[in-house]
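K.L.:
Sharing a structure below in structure tokens format, with a few things to ask.
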Amino acid sequence: MPRRVLSGTAVSMAGRLWGSVCTMALLALAARTLSGAEFGRFTFYLALFALLDALVDFGTGAVTVQRTSAVSGDDTARRDAVLSSTLAAGRGIRAGLALVGLAAVAAFAFGFGEPGAGWIALAALYPLTHVFELSSVVFRNRIRLGVPVAVRAFASTARLAVVAALSLAGVASAAPYLAATAAASAVANVVLHLCAKPHLPARAAPAIDQASGGNGARALFAAAWPLGIAGLCQQAYFHVDNLFVRGWVGLDELGVYNAGVRLLSVMILAAQFAPTVGLPWLARRATTGDLGIAAARLGRPLFALGCLGAGLVFPHREDLLALLFGEPFRAGAPALGWLLVAVAVIHAGAPLLTAVVATGRTRAVAVVAAGGLAVNLVGNALLVPGRAAEGAAIATLFTEIFVALGAAVALVRAGHPPWDRGRSALGWLVGPALFAAAAWLA
């Protein structure tokens, strides 16, 4: 793999690790300040806003990278024309979807009479700033991510600071916490655009780039919508269990379950960032015909790393929940056990699904993600009524297994099986062995 992919992954993980530390700290503060129901409501809207982020992006980020990174660096005029027209189209799409999201969240909050509905609607304005965040493509294409990571670290620190201030002030309602964290994210998106602005081409009239299928809004949306559907499905199958758990067992149980989900989100940092950072590289390998080799060389070490980490934590999950969130959260240990197995599977599925993105077969990505959502919905409907939060965790595991296998099948059908030699397929078995050994040793 190129050194930039490794260094970019390391930088991104370091920044996200700091962000996760800040998130865990602010959740620990909120868990000790808010009532069980209000903490559950806070985590519920954090999940809803993650879904809103996916709606606003709607695949435009990945397609922008795919299209603009494929243009030769020697042809400066053409590269600038493609970049400026693609950014203009992507920003227009994001602005329209952000307004749709704002209307949906406001209607939900006011329609169901949520406490602090005004604060919640105010927080729903922040996705509009994703229009500016798209400018960070100039850093992603160069795989030089120091500036975006620094800005995100600033945002994470700001979110922790405002939550700490609200906690010290004794604010006992979830809605102000939500609005404060959203404001910090909005400021970060604007700052990131200002940092990227000197690297953007001078404003030019949108031009259609025939080699990449056109970069107008319609052409971009046509390429992005399958990824947008896939992104929505991914966020939905990751967060839709909030609706089932809240509906069947209430906000108190939801807060305990979401503590485990937050631990999962920390443990999948490598699975999130290594494939994302490596997407430009994978896209180039797809054009040379050896994407399967690249996917295997990225995916096998990630899977082994995820299995090792999950195995080490598995025997101590109950104590870890109590340490971070308080004694009442020990009740979430059974669900966390299933989520830790899902952590391992995600480390295999994420690089494989990103490799499918690199092939340009975005509809295959959408099919896999939609199938994952269907598995998750059925699993939650069948398991949550009888097993509560633990049932939601089991549904998450089944979903991630489906996604990983679906991505592997899509790569094989595209002619890029994720192994580089006949025996190298056995390299994927190292991960489960490491999980078992780590759990036993721990």
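Read-outs: derived from the displayed coordinates by stated rules, not from any lab. Bear in mind the structure is a predicted one, so any value in this text is a computation, not a measurement. Because the Cβ atoms are built from the backbone with ideal geometry, glycine has one as well, and the counts that use them run over all protein chains shown.
K.L.:
Name the shape class, rounded, prolate or oblate, that the alpha-carbon gyration tensor gives for segment 248-305, where a ≥ b ≥ c are the square roots of its eigenvalues, rounded holds for a/c under 1.5, and otherwise prolate holds if a/b is larger than b/c and oblate otherwise. Each step should come with its number before you reach the end.
P.N.:
Values: a/c = 4.02, a/b = 3.19, b/c = 1.26.
The shape class here is prolate.
K.L.:
Shifting gears a bit: Taking the highest mean first, how do the peptides 308-319, 398-409 order by number of other beta carbon atoms within 10 angstrom per residue?
P.N.:
Working: 308-319: 18.8, 398-409: 22.6.
The densest-packed peptide leads the list: 398-409, 308-319.
K.L.:
Starting from the Cα gyration tensor of the chain, take the square roots of the eigenvalues, sort them a ≥ b ≥ c, and report rounded, prolate or oblate (rounded when a/c is under 1.5, otherwise prolate if a/b is larger than b/c, else oblate). Please list the in-between numbers first.
P.N.:
On the way: a/c = 1.71, a/b = 1.19, b/c = 1.44.
Because a/c hits 1.5 or more and a/b fails to exceed b/c, the chain counts as oblate.
K.L.:
Give me the distance in nm between label points sitting 7 Å out from Cα along the Cα-to-Cβ direction at Leu168 and Ala25, one decimal.
P.N.:
Here the answer is 1.3 nm between the modelled labels.
K.L.:
Would you please give the FRET efficiency between Leu99 and Arg363, computed as 1/(1 + (r/R0)^6) with r the Cβ-Cβ distance and R0 = 25 Å, to the nearest 0.05? Working shown, then result.
P.N.:
Working: r = 27 Å, r/R0 = 1.07.
About 0.40, to the nearest 0.05.
K.L.:
Continuing with this model, one more query. On a full-extension model of 0.36 nm per residue, what is the gain between Ala77 and Ala10, subtracting their alpha-carbon distance, rounded to one decimal in nm?
P.N.:
On the way: separation 67, 0.36 × 67 = 24.12 nm, distance 3.25 nm.
Computed gain between Ala77 and Ala10 is 20.9 nm.
K.L.:
Moving on. Specify whether the C-alpha gyration tensor of segment 72-201 places it in the rounded, prolate or oblate class, a ≥ b ≥ c being the square roots of the eigenvalues: rounded for a/c under 1.5, otherwise prolate if a/b is larger than b/c and oblate if not.
P.N.:
Details: a/c = 4.69, a/b = 1.75, b/c = 2.68.
It comes out oblate by the Cα gyration axes.
K.L.:
What nm value, rounded to one decimal, do you get for the distance between Leu429 and Ala222 when each label is placed 7 Å out toward the C-beta?
P.N.:
Output for this residue pair reads 4.7 nm.
K.L.:
Order the peptides 346-357, 127-138, 17-28 from the highest to the lowest mean number of other Cβ atoms within 10 Å of their residues. It would help to have the intermediate numbers written out before the result.
P.N.:
Values: 346-357: 27.8, 127-138: 22.6, 17-28: 18.3.
Descending packing order for the listed peptides: 346-357, 127-138, 17-28.
K.L.:
Output the direction-averaged projected area (hull surface divided by four) of the convex hull of the alpha-carbon atoms of segment 240-442, in nm².
P.N.:
Working: hull surface 44.6 nm².
In nm², the orientation-averaged hull projection of segment 240-442 is 11.2.
K.L.:
Another question, if that's okay. Could you give the length gained by full extension between Arg330 and Val147, i.e. 0.36 nm per residue of separation minus their alpha carbon distance, to one decimal place? Before the final figure, lay out each step's value.
P.N.:
Numbers: separation 183, 0.36 × 183 = 65.88 nm, distance 3.86 nm.
That pair, Arg330 and Val147, stretches by 62.0 nm at full extension.
K.L.:
Still on this structure, please answer the following. Given only helices, namely DSSP H runs of n ≥ 4 each adding -39500 (n - 2.57), what is the per-residue ellipticity at 222 nm of the chain, to the nearest 500 deg cm²/dmol?
P.N.:
On the way: 18 runs with 353 residues, N = 442.
When only DSSP H runs of four or more count, the value is -27500 deg cm²/dmol.
K.L.:
Could you rank the peptides 278-290, 170-182 by their average count of other C-beta atoms within 10 Å per residue, with the highest value first?
P.N.:
Working: 278-290: 18.7, 170-182: 20.5.
Ranking the peptides 278-290, 170-182 by packing returns 170-182, 278-290.
K.L.:
Here is a follow-up. Can you compute the FRET efficiency between Lys197 and Leu441 using 1/(1 + (r/R0)^6), with r the Cβ-Cβ distance and R0 = 41 Å? Round to the nearest 0.05.
P.N.:
Efficiency, rounded to the nearest 0.05: 0.20.
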